[in-house]
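Engineer: Encoded as structure tokens, here's the structure I'll be asking about.
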Amino acid sequence: MLATVSSAALQGIQAAPVMVEVNSGESGDPRLIMVGLPDAAVKESDDRVFSALANSGYRKPQTRTTINLAPGDLRKEGPIYDLPIALGILAATNQLEGGQRLRDYLVAGELSLSGATRPIRGGLAFAMQARASGKRGVLLPLASAREASLVSGIEVYGVESLHQAMRFIEGGLELPNLAGKTAFDPNPDKAEMDFAEVKGQSTVKRAVEIAVAGGHNLLMIGPPGSGKSMIAKRIPGIMPEPSHDEFLEILQIESAAGVTTQATRLQKRRPYRAPHHTISDVGLLGGGSIPGPGEISLAHNGVLFMDELPEFKRSALEVMRQPLEDGSVTISRSAGKVTLPCNFMLVAALNPCPCGYLGSQQKECCCSPHQVRKYRQRVSGPLLDRIDLHIEAPALSIAELREAKPGESSAAIRERVEASRNIQRTRFSNTNIRSNADMNHKAIREHCPIGPDLGDLLQRAMEQLKLSARAYDRILKVSRTIADLDHSENIQSQHLLEAIQFRSLDRSENI
Ligand SMILES: Nc1ncnc2c1ncn2[C@@H]1O[C@H](COP(=O)(O)OP(=O)(O)OP(=O)(O)O)[C@@H](O)[C@H]1O
Ligand SMILES: [Mg+2]
């Protein structure tokens, strides 16, 4: 007898429909044949499924059984077909009564040998696929159903075992429909590190606040021990809460990368990724035999922190340029081409030279001009071009370090950031722009008008500081964010002047 179960295959962060066809009762040796471009993990599924069937009190097929995963030209990856295969076998061997529900739902899930379900990657994408293909709902392992419950318009059920799934399909067991009942962690991990602990560095802290408020890329340059890494680690504590749509995108990527299968609770917050500089290009950009998200996509709608920027491989910095500009990355592999979103805020830190002490009052720099130039060249040009704010973090004096008074708390800074994001949300409603940093040239002309007086001021400053032309739009965008933080509708001269000072690396002699 032939049975079919709807399932899906993960393609990047989206799911494509897959039909699991099981035909039992064929003549020949009693064995199982799997066709339809399965990878090794899918092929191993028969061992898991047979054991799960036996341990759940069911019979394994006594005749030759063929399992076809259609369409045949799509590569099937991972152990997610265990549950649909097991249900298909039960239906094809007449062990299941009343199979209507089997046609109504999209099913995916890994099984353990005992018959218990295991969480899978891509639960959210499968729910979206179920909705797109007009299914009534999804049936997933309970731990994966949690994220799927964010998708509206379909039913979402989570099962803990094959036995439960079977009884639900037969109609003998009613499960709670989880749709719309997403449980968020009521006490999300509060960022343990607070800006109050950072002494001095008021200009750097101000630059970080502006950057987070407007979603601007930021670069910090300074000698060892000036607190660059310390400040960057405190950014999660001041990031604004994501909107529902932003959060869905974040979760879809995390779900496809398998991050959510390990988490016990969903936390509504933006990602903060800090890859080590030894990371591979694939780890950074995404890829693999079946293309999956890399660090730049995992940082989507959040922050990517690249500490010690010049230590990253030149190739990694080169390949990041396009995604930084587009907010998306396209990966081609033998298994197909996928485009993944990666609209992140880049925070980078570096020393002014290889020894770190160029321009420092504390210690003499021991680098030759050639060494300094080579070091800077690793990050200069096109990458710097995409960074809105450059800020120098000077070494702190002992007196400043001894200062006992705590600085401003992260909570106070975050409040201002949220307020300025609300202004931006209203400004960009009905567009696909999400923050000031996203503005294209046309949006800049519309939202950052400056009169002739300010135009002259900007021109004079750019000429005096020898700023290159590429700084122009960036200064206007940052001025817009500074004005928003100030709750000012128009960009005023003080906003513009503050934005201009954040282009220190742009001066021609520094490149
Ligand atoms: N502004 C500061 N306020 C309080 N402590 C600080 C400050 N700056 C540095 N420190 C202390 O110095 C330590 C080292 O700072 P951090 O690692 O952030 O420096 P860095 O600028 O990243 O240096 P490197 O260039 O070597 O990476 C911090 O863990 C902290 O204890
Ligand atoms: Mg550091």
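Engineer: Collect the residues in the range 100-117 that are at pLDDT 95 or above, surrounded by fewer than 24 Cβ atoms within 10 Å (Cβ to Cβ) and of a type outside the set (A, V, I, L, M), keeping them in residue-number order.
Structural biologist: Matches in the range 100-117: Glu110, Ser112, Ser114.
Engineer: Could you tell me which of the residues Ser133, Ser144, Ser56, Ser45 is more than 19 Å from Gly171 (Cα to Cα) and over 26 Å from the mean Cα position of the chain (by Cα)?
Structural biologist: Ser45
Engineer: In contact with a Gly (Cβ under 9 Å, 6 or more places away or on another chain) and either modelled with pLDDT under 90 or crowded, with 19+ Cβ neighbours inside 10 Å (or both): is that true of Glu77 in this structure?
Structural biologist: no
Engineer: Which residue is surrounded by the fewest Cβ atoms within 10 Å (Cβ to Cβ), if the candidates are limited to the range 332-377 and must be basic (Lys, Arg) and within 16 Å of ligand 1 (Cβ to nearest atom)?
Structural biologist: Looking at residues that are basic (Lys, Arg) and within 16 Å of ligand 1 (Cβ to nearest atom), I get Lys363.
Engineer: Residues of the range 389-426 being under 26 Å from Ile475 (Cα atoms), basic (Lys, Arg) and out of contact with any helix residue (DSSP H, G or I) (no Cβ under 8 Å at 6 or more places or on another chain), which ones?
Structural biologist: Answer for the range 389-426, where residues must be under 26 Å from Ile475 (Cα atoms), basic (Lys, Arg) and out of contact with any helix residue (DSSP H, G or I) (no Cβ under 8 Å at 6 or more places or on another chain): just Arg425.
Engineer: In the range 233-249, which residue that is within 16 Å of ligand 2 (Cβ to nearest atom) and over 13 Å from Gly302 (Cα atoms) is surrounded by the fewest Cβ atoms within 10 Å (Cβ to Cβ)?
Structural biologist: The residue in question is Lys233.
Engineer: Now for a separate question. I'm told Thr182 meets every condition in (1) more than 16 Å from ligand 2 (Cβ to nearest atom); (2) outside the structural domain of Ala108 (by TED's automatic domain parsing); (3) in contact with a helix residue (DSSP H, G or I) (Cβ under 8 Å, 6 or more places away or on another chain); (4) at pLDDT 95 or above except one. Can you identify the failing condition by its number?
Structural biologist: Every condition holds for Thr182 apart from (4).
Engineer: To continue, here is another question. Could you give me the residue pairs with C-beta distances under 8 Å whose first residue belongs to the range 198-227 and is under 16 Å from Arg416 (Cβ atoms) and not assigned by TED's automatic domain parsing to the domain that holds Ala499, whose second residue is of a type in the set (Phe, Trp, Tyr) and more than 8 Å from ligand 1 (Cβ to nearest atom) wherever it lies, and which are 6+ apart or on separate chains?
Structural biologist: Note: pairs meeting the criteria are Lys205/Phe195; Ala207/Phe502; Ile210/Phe502.
Engineer: Still on this structure: Looking at the range 320-331, I want the residues that are free of Cβ contacts under 8 Å to residues at least 24 places away in the same chain and have a partner that is part of a helix (DSSP H, G or I) and of a type in the set (Ser, Thr, Tyr) with Cβ atoms under 9 Å, at least 6 apart or on another chain. Which pairs are those?
Structural biologist: Ser328/Ser297
Engineer: Please tell me if Leu317 is in contact (Cβ under 8 Å) with a residue 60 or more places away in the chain, farther than 22 Å from Gly214 by Cβ and not polar (S, T, N, Q).
Structural biologist: Yes; evaluated as a whole, the condition is true for this residue.
Engineer: Quick check on Glu408: is it in contact (Cβ under 8 Å) with a residue 12 or more places away in the chain, surrounded by fewer than 17 Cβ atoms within 10 Å (Cβ to Cβ), of a type in the set (D, E, K, R) and not in a helix (DSSP H, G or I)?
Structural biologist: So Glu408 passes the test.
Engineer: Right, another one. Where in the range 202-303 are there helices (runs of 4 or more DSSP H), lying fully within it, with 1 or more residues that are over 10 Å from the mean Cα position of the chain (by Cα) and more than 15 Å from ligand 1 (Cβ to nearest atom)?
Structural biologist: 202-214, 244-257, 281-285
Engineer: Also, quick follow-up: Can Glu147 be described as acidic (Asp, Glu), modelled with pLDDT under 95 and surrounded by 24 or more Cβ atoms within 10 Å (Cβ to Cβ)?
Structural biologist: yes
Engineer: Hey, another quick one. Out of the range 359-377, which residues are at pLDDT 80 or above and either within 29 Å of Ala437 (Cβ to Cβ) or within 15 Å of ligand 2 (Cβ to nearest atom) (or both)?
Structural biologist: If the condition is that a residue be at pLDDT 80 or above and either within 29 Å of Ala437 (Cβ to Cβ) or within 15 Å of ligand 2 (Cβ to nearest atom) (or both), then Tyr375, Arg376, Gln377 are the ones that fit.
Engineer: Give Pro310, Pro354 a once-over and let me know the one that is assigned to a helix (DSSP H, G or I) and touching a Phe, Trp or Tyr at 6+ places or on another chain (Cβ under 7 Å).
Structural biologist: Pro310
Engineer: Can I ask one more? Where residues in the range 378-403 are of a type outside the set (Val, Ile, Thr), touching a Ser or Thr at 6+ places or on another chain (Cβ under 7 Å) and at pLDDT 85 or above, which of them is farthest from ligand 1 (Cβ to nearest atom)?
Structural biologist: His390
Engineer: May I pose another question? Can you tell me which residues in the range 193-230 are under 22 Å from Lys363 (Cβ atoms), in contact with a strand residue (DSSP E or B) (Cβ under 7 Å, 6 or more places away or on another chain) and within 16 Å of ligand 2 (Cβ to nearest atom)?
Structural biologist: Val204, Met220, Ile221, Gly222, Lys228, Ser229 - these are the residues of the range 193-230 that are under 22 Å from Lys363 (Cβ atoms), in contact with a strand residue (DSSP E or B) (Cβ under 7 Å, 6 or more places away or on another chain) and within 16 Å of ligand 2 (Cβ to nearest atom).
Engineer: Residue by residue through the range 43-69, note down the ones that are among the acidic types (Asp, Glu) and surrounded by 19 or more Cβ atoms within 10 Å (Cβ to Cβ).
Structural biologist: Asp46 - this is the single residue of the range 43-69 that is among the acidic types (Asp, Glu) and surrounded by 19 or more Cβ atoms within 10 Å (Cβ to Cβ).
The values are calculated or read from the model by the stated rules, or taken from the named source; none is laboratory data. Source: prediction; values computed, not measured. All Cβ positions, glycine included, derive from the backbone under ideal geometry; neighbour counts span all protein chains shown.
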